[in-house]
Amino acid sequence: MADPNAATLDAGWSRTPGRLTHDLVGHPALQAQALARVAQRLPAERIESHFADLPLVHPTGAVRRISQPADEVVRDLATRTAWVMLAGLWEVPPYDGLAEDTIGLWIGASADAEGGLRARHTTVFAASAGAVVPVHFDVQHNVLLQITGTKRVFLGGSSPGGSLERVLEAGIASGVRNLHELPPEVLEYELSPGVGLFIPAYVPHWIVGGADVSISLSCSWETAWTLRETRIRRVNARMRRLGLRPPPPGLHPGRDRTKDAAAQLYSKSRRAPRRLHAALSGGGRSHE
């Protein structure tokens, strides 16, 4: 896929998966030893480490955590079955601008087409050979850049009768974004070092690792559009629980605006009591 431009965006670029290439292979900051050192410095809430012998379909998302320190797990990936995520690296040099030459134009073009950029995230995934990431969806756009090893990434489409939309609604409402079955219309991508893949928000996907340790860099971002789609689907989930059959986002712009406004008003009303509580408990006091 070429760099984004007006023509490709008009053709739906930002919502269409596509391959790309990058020049980050061999970068010192993306080698196992460097990542192990980063894992020692990151707060615990930015690290996820668990066993990677998972099924392709894993609806609950429950995993067996690894008690061993993440830096040791990263160093031992060649001899065990494990998966490590180091998140929040957008705020950690040099990871904050590591892939800017590769994806900066993509993010800028996506933001221009979708109402502006709202947030960016940089994450490193390190996994043992054959590691599985069960089928799930994300609410952000994502470019996955393969650094070391190989993996196969499978992208699914919509099920007959629009069942995927109901899955997206339920996942957003519950916070568990794993699917209960593999979706149809599968596209398969083989990622090797130097190859990347753009995965649009809300596209179901799953991953199967190759024969060697895999290291990949994930650059994801939220736009006004992705956040709006999430809010609308959250409202749709509530409507569906009432026995209604709400249309998916995009079919009825007027209804979408009403749902979005209602979702934002509800969110503000829930935050107000917390602000009041903070003020009464000392957050609003003057200090001498």
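The values are calculated or read from the model by the stated rules, or taken from the named source; none is laboratory data. Values in this document were obtained by computation on a predicted structure and should not be read as measured data. Neighbour counts run over all protein chains shown; Cβ positions are idealised from the backbone, glycine included.
Restricting the stretch 211-236 to residues that are among the small types (Gly, Ala, Ser) and surrounded by fewer than 18 Cβ atoms within 10 Å (Cβ to Cβ), which is farthest from the chain's Cα centre (by Cα)? Checking each candidate, the answer is Ala211. Among residues of the stretch 91-106 that are of a type in the set (Asp, Glu), those with a Cβ under 8 angstrom from a residue that is in a helix (DSSP H, G or I), sequence gap 6+ or separate chain, pair up as Asp96/Leu89; Asp96/Trp90.
Please state which of the following conditions Ala129 fails to meet, knowing it meets all the rest: (1) under 13 Å from the mean Cα position of the chain (by Cα); (2) not in a strand (DSSP E or B). Every condition holds for Ala129 apart from (1). When the stretch 93-112 is filtered for residues that are hydrophobic (A, V, I, L, M, F, W, C) and surrounded by fewer than 18 Cβ atoms within 10 Å (Cβ to Cβ), only Leu105 remains.
Scanning the stretch 167-198 for residues that are outside any strand (DSSP E or B) and surrounded by fewer than 17 Cβ atoms within 10 Å (Cβ to Cβ) gives Ala173, Ser174, Gly175, Val176, His180, Glu181, Leu182, Pro184, Glu185, Val186, Ser192, Gly194. Only one entry of Gly157, Gly116, Gly88 meets the criterion of being of a type outside the set (D, E, K, R), at pLDDT below 90 and touching a strand residue (DSSP E or B) at 6+ places or on another chain (Cβ under 9 Å), and that entry is Gly157. Scanning the stretch 68-87 for residues that are more than 17 Å from Thr148 (Cα to Cα) and touching a Lys or Arg at 6+ places or on another chain (Cβ under 8 Å), we see that the one that is surrounded by the fewest Cβ atoms within 10 Å (Cβ to Cβ) is Ala87. Pairing each residue of the stretch 170-196 that is over 30 Å from Val235 (Cβ atoms) with any residue that is in a loop (DSSP other than H, G, I, E, B) and of a type in the set (Phe, Trp, Tyr), provided the two are 6+ apart or on different chains, yields no C-beta distance under 8 Å.
For His58, the requirement of being within 21 Å of the chain's Cα centre (by Cα) and without any contact (Cβ under 8 Å) to a residue 60 or more places away in the chain is not met. Among the residues of this structure, Gly88 counts as one that is on the phi > 0 side of the Ramachandran plot and under 17 Å from the mean Cα position of the chain (by Cα).
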